[in-house]
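As structure tokens, the structure follows; a few thoughts come after it.
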Amino acid sequence: MTSIRPAVPADVPRIAEVWESAWRDGHVGHIPDELLVHRQSDSFRTRAAEMVGRTHVAEVDGDIVGFVTLKGDELEQLFVAAPARGTGVARDLLADGARRLLAQGHARPWLAVVSGNARARHFYEREGWRDAGPLAYEAPIEGGTVTVPCRRYELILPR
Ligand SMILES: CC(C)(COP(=O)(O)OP(=O)(O)OC[C@H]1O[C@@H](n2cnc3c(N)ncnc32)[C@H](O)[C@@H]1OP(=O)(O)O)[C@@H](O)C(=O)NCCC(=O)NCCS
């Protein structure tokens, strides 16, 4: 059974593990090489620790299989481990993140998705998010950023 709960610091190693593996699945081949160089295991652990207070995790049978992180009005990170894809976990995490953003008063939640990440784009569109155009996303690295070609997606609520 899937449950979603706020992350705690003890979850950071598992979040980082899920994140690193899923990040590679969704991004390798679609991002500048410069960013790949900076996305070593340490960087996932460091950033997972920084984000833990803004993260909710999905557990199946006590194991963390995915997470969603918010930042302002942005749904910043959504990653699901390969064995849990296609099971509805991602849909539940996305709904959880969207619900929290709306509850915080953000009328038009948004997210960035790498342009070449076809599975994620199809998933967001299926779940009611709309492609609002190109976005040059500044991905943080130590001491700066790397520009990544992305699309901005916005949550369009039914009238
Ligand atoms: C993106 C992600 C969260 C989606 O979760 P998921 O459990 O895989 O999503 P689902 O299986 O419910 O939906 C995927 C949809 O994309 C479709 N799909 C699969 N591969 C595809 C591809 N290469 N191109 C287009 N659509 C694809 C599936 O058929 C399904 O659509 P359908 O229900 O209409 O048949 C998950 O795949 C993931 O974590 N990927 C790696 C990390 C990532 O890319 N994160 C997003 C960063 S913005």
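What follows is calculated from the coordinates using simple rules that are stated; it is not laboratory data. Keep in mind that what you see is a predicted model, and the values were worked out from it rather than measured. Counting neighbours? That spans all protein chains shown, and the Cβs are built from the backbone with ideal geometry, glycine included.
The overall shape of the range 102-144 is oblate: from the C-alpha gyration tensor, with semi-axes ordered a ≥ b ≥ c, the ratio a/c is 1.5 or greater and a/b is no larger than b/c.
At 0.36 nm per residue, and after removing the present C-alpha to C-alpha distance, how many nm does the segment from Arg54 to Ser41 gain when stretched out fully? Walk me through the numbers on the way to the answer.
Working: separation 13, 0.36 × 13 = 4.68 nm, distance 2.03 nm.
Value of the extension gain: 2.6 nm.
Legend: calculated FRET efficiency, His30 to Ala136, from the Cβ-Cβ distance at R0 = 25 Å, rounded to 0.05, equals 0.95.
Proximity of backbone amide H atoms, modeled 1.01 Å from N, is registered between Val146 and Ala139, Ile141 at under 5 Å, excluding neighbours fewer than 5 places apart on the same chain. Is the C-alpha gyration tensor of the range 67-137 telling us rounded, prolate or oblate? Criteria: a/c under 1.5 is rounded; beyond that, a/b larger than b/c is prolate, otherwise oblate. It comes out oblate by the Cα gyration axes. Of Ala95, Ala112, Ala81, the residue with the greatest mean-square motion in the GNM of the chain, using alpha carbon springs below 10 Å, is Ala95. Spin-label model, Lys71/Ala103: points 7 Å from Cα along the beta carbon direction are separated by 2.2 nm.
Of all DSSP beta bridges confined to the chain, the antiparallel ones make up roughly 95%.
Residues in the range 8-24 carry Karplus couplings, in order, of 10, x, 5, 7, 4, x, 6, 4, 4, 5, 4, 4, 4, 5, 5, 4, 4 Hz; the curve used is 6.51 cos²θ - 1.76 cosθ + 1.60 with θ = phi - 60°, and Gly or Pro positions show x. Once the Kirkwood radius over Cα pairs is known for the chain, the Stokes-Einstein relation at 4 °C and 1.567 mPa s delivers a diffusion coefficient of 81 µm²/s.
Legend: calculated FRET efficiency, Ala10 to Ala82, from the Cβ-Cβ distance at R0 = 25 Å, rounded to 0.05, equals 0.60.
Could you tell me the center-to-center distance, by alpha carbons, between the range 1-50 and the range 65-91 in angstrom? Cα centres, the range 1-50 to the range 65-91: 11 Å.
Evaluating 6.51 cos²θ - 1.76 cosθ + 1.60 at θ = phi - 60° for every residue in the range 136-146, the Karplus couplings come out as 8, 8, 8, 7, x, 10, 4, x, x, 9, 10 Hz, glycine and proline recorded as x. Listed values for the range 31-45 are Karplus-derived 3J(HN,Hα) couplings in whole Hz (6.51 cos²θ - 1.76 cosθ + 1.60, θ = phi - 60°), namely 10, x, 4, 4, 6, 4, 4, 8, 9, 8, 3, 4, 5, 5, 5, and x replaces Gly and Pro.
Note on the range 2-155: with charges restricted to the Cβ of Lys and Arg (+1) and Asp and Glu (-1), its dipole about the Cα centre is near 400 debye.
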